Structure formats: C-alpha cells, structure tokens
Amino acid sequence: MNKREFLKGAIFFFPAAGVLEALNCSAAGNALSASATAGYDPTNHWYGMGVDVDRCIGCNRCVEACKIENNVPEEPFFFRTWIERYQIHADGEVKVECISTKTPEERLAMQNEPLDPSVVRTFFVPKLCNQCAHPPCVQVCPVGATFQTKDGVVLVNEKTCIGCRYCIQACPYGARFLNPTTRTADKCTFCYHRVTQGLLPACVEVCPTEARIFGDLKSKADRLVSFQRDNKIGVLKPDLNTEPKALYANLDGEVR
Amino acid sequence: MKLPEQMKRLGVIVGLFLVVVITRFFLLPESWISARPHQAAKVVREMAKPVHYAGMMTCRQCHQEEFDAKLAGYHRTIGCENCHGPAAAHVANKDDKAATPPKHREREFCLGCHGYLSSRPNGFPQVDGQAHNKGKRCVSCHDPHDPKPDEAPKDCGGCHGLIARTKAVSTHSQLPCTDCHQVPELHTTDPRSHLPTKPETREACARCHDTASTDPAAAKARVDSASHGRTYACWECHYAHLPEGPK
C-alpha cells in the first residue's frame, strides 16, 4: 500500500466507523431510556434535603440503610452519609467524632459514659453530599464524569471516571470517596433510582424522628418548602458560594 | 479552463478543512467528542438500579394491623424497614421464607435508640439500659408497634436525661424538678401538647436566694436580688440545672 492509497482508505474508514458507532450508540440509548425513564421529566424537579439537627438521636440507621440500598462498601470508612457527634466545652474546645465509624458495640458503650459537666452543648449532625447548585467537584473533573442532572443531583459516571481523585480533593464537605471495588469516585445520589420513582431516599425512609426531610424545591406544596419557611436555615460553609441543597435547621455555628 | 497551481493547493487545503469539519460535526458520534451522551446513559443506568427498601406504605396492604397500630402510637414516624430491615424482596415474593424480614427482639436493638446518650435531643425518651428492667426483653412489656409505658413514667429523667443527670451532680441536686416547674399530668404521656411551666420572674429564685430569704438550705448562697445581676433573669446567667457553672 502506498501513501496515497493509505490516505484514501483513512478518509473513508474513520467517518464510516463513526457512523456505525453512532447508529449503534443511539439505538442502545433509545431502547434503555424508553424503558427506564418513562413518565419522568427531570426538568420539573429540583431536589434538596432538610436536616433538623434538633431531632437527630444519633441512631445511625440512615447510614446503615444507605450502605444497603447503594452497595456502599462495608468497611467503616466509606460513607455516602454519616453522623457526627459534637461536644462543645465551656472553654471553647470542640470535640467532633464520627459515630458511624464505630462498631454497634462501641456505639452502645457510649451510653455508659459518665457525665462531663464542662460540656455546654452536645448534639448529633447528619452529614451527606450537599448536592450543591454550584458544585466544585463538577468543575474540576477533567473528563466530565461527574455532572449535575437537570433535577439538581450530582452523579458520577463510573464508566468514564478515571479515578484521579480531583473531585475528592475539591469537595469542601468531604462527601466523596474512592470506591475500592470500582476504583472510581463515589458519593450520595439522593437515591436517584428511588426518588425518580416517587420513593424517599433510603436514609429518609428509615429516619425515626423525621430529622431528614427530602423534598422538591420546585413543588408548590412540599414539606421541604414549609421547612424553609418555618425554620432558620443554615448551610455548611456558606462563604464558598457552593449553594448547598442540604438545608440545616438549628445548625450550631461550630459545625463545620 | 486551467486553474493555477496555487488555487489547486488552496483547494486541497479547503477540502481537507471541510472533511475535518464534516467529520467532527456530522460524522463522528457525539459520544466521541462530548461527555453528554455518556452522562445521559449514566442517568438511565442510575434510575434502573434495584430498590432494596420498599417503603412503609407498601407494607400496609398485607400488614394492616401493625400499620394502623403504629400510625396511632409513639412510633408513628418510624418506617417499618427501620426495624425489620430492607424488605423489597419480601414484598416482591411474600412466600420466599429466606426473604422474610427478621424481628429484632433483643434489648440492644431498642437501646440503640432509647439508651441514654447525652447528645440526644431534650425530651427524647431514654432509659438506662443497665437499670431499666434488666434481663427482660423490652418487647415483653412494650408493643414495638405501639409502645406505651403501661404506667406513666415515674421520673423526669426518662425524657430529660441530660438535665436530670446534670442537676443530680449540681448544688441544686436536692431540689425536685417540681420546685421550679409545674408539670401537668398529661405531660408524661403526651409531652408536647402539655408543656410544664418554667420560672418567669426573679422571685422564683429569690425566694431561696434573696438576702431576706429564710430557706436554711440556701443560707450560704445569698444575694440582693434587687441589684444582683442587673435586670437579667437569673437563668440568663446561671444555668438553673447547674448553677455553679461548668467546671
């Protein structure tokens, strides 16, 4: 084959391959989306989660349910949602511990701790991905693997994620981790597979005190919209302008 | 007409340019160039993921009795699958014995929520697992779907554990709660609808602590209640349940 023949071949080969691939891709895509997304229009929704800190009893059920629902690795340092315990002392010292990393036995053992009169405030804070309206993790992804859906949920495409960990670094809330089985970034999806069919996220389904409120900020009558009306709402790290959609009521200023 | 050599070369360049443009914008599939089709496919895959928690409302059709009992009781806000674990497989096939949800009757299960822990919110019912009817299963006295104490709780610490424990080690340890709070009877069974009173005037403290007071127990702690602490209420500076302050 001489140079001329090669170039001729190339001119036809690449576009032809492209056409085939395109046909292939769109056929597969159409078949899938027709069955799974039927009747759901993401542009009608804008999801958020309310967290009433004063109601959390620290039972850790949300964390367990999240792991089961989403196949999050068992090891006690991979979380899509987790619970922190704050103990604020009179001298200003703040003790924060993640109770979700403890074993159930260790959590029960916390109950026998002697009273510490120097603690002036103590409470639990549920944490999760803040599903920011302006997500820094999406901006730093070099391959467009992490993105925001039209209904406001940040997802990671595990097929194109290259595991570079930029997003994990960029997340101000520590809400991402590298999934050891897929070797890709992993995070809370607001249980996208559940909420798009009208179910609650697993953590909200099991929360015994209604400390977590899932809702649609575009809805006319929604618990989350009233929640915003009834409470003074705080978000984590507001100065970063990430516009979190995890909305906290009764949030203590010490919570980072 | 014969084209000049320069025009031919230009033609080749323009032609190549067109080939590139057409290939990029019309022939190559979008999935080669942009992340968007991959993201759309991801959304579809995400939505197709299996559900493990069926949701409280699905249990109703077959377990009406438990559902109704729970709806009227203290446990109304707790989803069935909080206690029975994910049950989508059970809902899909109720005859599959392997998927029948477990029933946790061990004490530890209830204590996970009801054991005393200082960080739990004020008013949440808590018991001391070491002391509260030790050795007996909780469900032998309390129906898990409609838990009721068969008698009204005796002591305030059941729901105000941190306050009771704090007061117990303070200089106010000898004062019963009812010295400062009038508690309606129904407060212990329906707490939020029947709230106790709280001190409103400085007189509530001054009756023991004023220099003119005659209460012997507080003899060592006397102040001129008219001038001491400006015009703030006493409890705006002294925490009434730990008046000596955090140590």
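The numbers here are math on the coordinates, done by the rules we state, and not lab data. Keep in mind that what you see is a predicted model, and the values were worked out from it rather than measured. Glycine also receives a Cβ, built like all others from the backbone with ideal geometry; neighbour counts cover every protein chain displayed.
How do A:Val156, A:Val53, A:Val94 line up, fewest other C-beta atoms within 10 Å first? Walk me through the numbers before you get to the answer.
Details: A:Val156 24, A:Val53 19, A:Val94 13.
The order, fewest Cβ neighbours first, is A:Val94, A:Val53, A:Val156.
Spatially close Lys pairs in segment B:6-113, defined by Cα atoms under 30 Å apart and a spacing of eight or more places or different chains, total 7.
Computing FRET efficiency as 1/(1 + (r/R0)^6) for A:Val235 and A:Thr103, where r is the C-beta to C-beta distance and R0 is 35 Å, gives about 0.65. If I fit a long axis through the Cα atoms of helix A:61-70 and take the longest principal axis of the Cα atoms of chain A, what angle between them do I get, 0 to 90°, rounded to 10? Compared with the principal axis, the helix lies near 10 degrees. The shape of chain B comes out oblate: with a ≥ b ≥ c from the C-alpha gyration tensor, a/c is at least 1.5 while a/b does not beat b/c. Less than 18 Å apart at the alpha-carbon level, and either on another chain or at least 8 residues along: which aspartates and glutamates does that give for A:Lys237? Cα-Cα hits under 18 Å: A:Asp52, A:Glu84, A:Asp252, A:Glu254.
Mean per-residue shielding of peptide A:204-214 is 4, counting Cβ atoms of other chains within 10 Å of each Cβ. With R₀ set to 22 Å, the beta-carbon distance separating B:Phe67 from B:Ala92 gives a calculated FRET efficiency near 0.75. For segment B:155-220, the extents of the C-alpha atoms along the principal axes are 40, 25, 14 Å, listed from largest to smallest.
How much length, in nm to one decimal, is gained on full extension between B:Glu151 and B:Thr214, taken as 0.36 nm per residue of separation minus their Cα-Cα distance?
On the way: separation 63, 0.36 × 63 = 22.68 nm, distance 3.84 nm.
Computed gain between B:Glu151 and B:Thr214 is 18.8 nm.
In the protein assembly as shown, the C-alpha radius of gyration followed by the widest Cα-Cα span (Dmax) gives 30.8, 126 angstrom.
In this structure the amide hydrogen of A:Ser118, modeled in the peptide plane, comes within under 5 Å of the amide hydrogens of B:Lys247, none closer than 5 places in sequence on its chain. Per-residue Karplus couplings for segment B:174-190, computed as 6.51 cos²θ - 1.76 cosθ + 1.60 with θ equal to phi - 60°, are listed in order as 7, 7, x, 3, 6, 5, 10, 10, 8, 10, x, 3, 6, 4, 7, 9, 9 Hz, Gly and Pro entered as x.
Dipole magnitude of segment B:105-168 about its Cα centre, charges +1 at Lys/Arg Cβ and -1 at Asp/Glu Cβ only, in debye to the nearest 20? Could you put the intermediate results ahead of the total?
Numbers: 10 positive and 8 negative charges, 43 e Å.
Charge dipole of segment B:105-168: 200 debye, to the nearest 20.
The string of couplings for segment B:27-37 from the Karplus curve (6.51, -1.76, 1.60, θ = phi - 60°) is 9, 5, x, 4, 5, 7, 10, 10, 7, 4, x Hz, one whole number per residue in order, with x for Gly and Pro.
Rounded to whole numbers, the Karplus 3J(HN,Hα) couplings from phi for segment B:4-16 are x, 3, 4, 5, 4, 4, 4, x, 4, 5, 4, x, 4 Hz, using 6.51 cos²θ - 1.76 cosθ + 1.60 with θ = phi - 60°, and x at Gly and Pro. Projected onto the charge dipole of the protein assembly as shown (+1 at Lys/Arg Cβ, -1 at Asp/Glu Cβ, origin at the Cα centre), which of A:Ile168, A:Phe190, B:Gly11 gives the Cα projection farthest towards the positive end? After comparing all options, I get B:Gly11.
Quick one: of B:Lys220/B:Lys247; A:Lys150/A:Lys220; A:Lys95/A:Lys187; A:Lys67/B:Lys247, which pairs are farther than 30 Å apart, Cα to Cα? It would help to have the intermediate numbers written out before the result.
Numbers: B:Lys220/B:Lys247 20 Å; A:Lys150/A:Lys220 18 Å; A:Lys95/A:Lys187 26 Å; A:Lys67/B:Lys247 40 Å.
The pairs that break the limit, which is 30 Å between Cα atoms, are A:Lys67/B:Lys247.
Working ranking of peptides A:117-130, B:192-205 by packing, defined as the average number of other Cβ atoms within 10 Å per residue, highest first, is A:117-130, B:192-205. When A:Trp46, A:Trp82 are sorted by how many other C-beta atoms sit within 10 angstrom of their C-beta, beginning with the fewest, the order is A:Trp46, A:Trp82. Across the options B:Cys110, B:Cys141, B:Ala168, the greatest Cα extent toward the positive end of the charge dipole of segment B:105-168 (unit charges at beta carbon of Lys, Arg, Asp, Glu) belongs to B:Ala168.
Look at A:Leu247, B:Leu18 and count the other Cβ atoms within 10 Å of each Cβ; fewest to most, that gives B:Leu18, A:Leu247.
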